[in-house]
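Report on the following structure.
What follows is calculated from the coordinates using simple rules that are stated; it is not laboratory data. Every value quoted in this text rests on a predicted model; they were computed, and no experiment measured them. Glycine gets a Cβ as well: all are built from the backbone with ideal geometry, and neighbour counts include every protein chain shown.
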Amino acid sequence: MVAVALVWNWIFATRFGLLNYVLRNFVGVNRPPRWLADRDYALYVLIIVTIWKNAGFQMMIFLAGLQNIPSHFYEAARVDGANRLQIFRHITLPLLSPVTFFVLIITLIQATRTFEVTYTMTEGGPRNASTTLAYYIYQNAFVYNRMGYASSLAYVLIVLVGSVTLINFWARRRWVAAETY
C-alpha cells in the first residue's frame, strides 16, 4: 500500500504531478490546485486513493456473486418477457443483496482502518485536515507517547465499528433478500 500511495503522491504532486501537468497543458488551468497541501482537497485525495485501492477487491466479490446466480432465473424472466432493466431490478439486485451487505460491512471496517495512505501521503496534514482516527491513534501512541489515551481511542473505534456493524445487521432484514435458490 505504501508503494501505491507513493505513486498517487506523484500523481497529485503540486509542481511536477501528472494531474496538474494535464490540467496545465491540456485543460488550460493556470494555477492548478495544491492537492495534498490544501485543506479543501487533502482529505478528498485520500478518499479517492482509498476507493481506488479497494475497488478491485469489491469488484471481485461482486463478480463472484454474479456468477453464483443461477441462469434459470434469467431464462425464466426472458421467457416471461422481462426487459434488461426489469431483470436487473427484480432478479439481479435482490439476489446480490447478501453480497452487497458483505461488501458494505467490509468496506466500513476498512474505512476506519485507513492509516498507511494518510501516513504516506499527508501525515494528517495540512493542519490535521486529513487526519483519520487510525492515524490519530498512531500519533498519540507513538509520536506523543500517550499510550493510555491512544488505547481509549482504540476502544472507541472498536465500539464505533461494532455499533455500525450491528445497525447494519439489524437493518439487513429490510433489504437483504433471503437466499431461496
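Taking the fewest neighbouring Cβ atoms within 10 Å as the starting point, the ordered list for 72, 90 is 72, 90. Summarised in one figure, the compactness ratio Rg/Rh of the range 1-77, Cα atoms and Kirkwood Rh, is 1.26. Histogrammed with a bin width of 5 Å, the alpha carbon distances of the range 36-80 distribute as 5, 18, 12, 11, 11, 10, 9, 8, 6, 5, 4, 1 percent, first bin at zero. Given R0 = 35 Å, the distance between the Cβ atoms of residue 60 and residue 83 translates into a calculated FRET efficiency of 0.80. Note on the range 27-60 and the range 78-97: Cα centroid distance 35 Å, given to the nearest whole angstrom. Radius of gyration (Cα atoms) of the range 71-181, expressed as a multiple of 2.2 N^0.38 Å: 1.61. In this simple spin-label approximation, residue 71 and residue 7 carry label points 7 Å from Cα along the Cα→Cβ vector, and these lie 3.5 nm apart. Estimated from helical segments only, the mean residue ellipticity of the chain at 222 nm is -20500 deg cm²/dmol, where each DSSP H run of four or more residues counts as -39500 (n - 2.57). Computed with the Debye formula from one identical point scatterer per Cα of the range 1-147, without solvent, the log10 of I(q)/I(0) at q = 0.08, 0.11, 0.12, 0.21 Å⁻¹ comes to -0.38, -0.63, -0.69, -1.19. Residues in the range 119-138, backbone N under 18 Å from the label point at residue 158 (7 Å along the Cα-to-beta-carbon vector): list them, ranges by number please. Within reach of a label on residue 158, which here means backbone N under 18 Å from a point 7 Å along Cα→Cβ, the range 119-138 contributes 133-138. With a Förster radius of 35 Å applied to the beta-carbon distance between residue 105 and residue 30, the computed FRET efficiency rounds to 0.20.
Using only Cα atoms, tell me the angle between helix 93-112 and the longest principal axis of the chain; keep it within 0 to 90° and round to the nearest 10. So the helix axis and the longest Cα principal axis differ by about 20 degrees. Comparing mean-square fluctuations of 22, 117, 49 from a GNM of the chain with C-alpha springs under 10 Å, the top value falls on 22.
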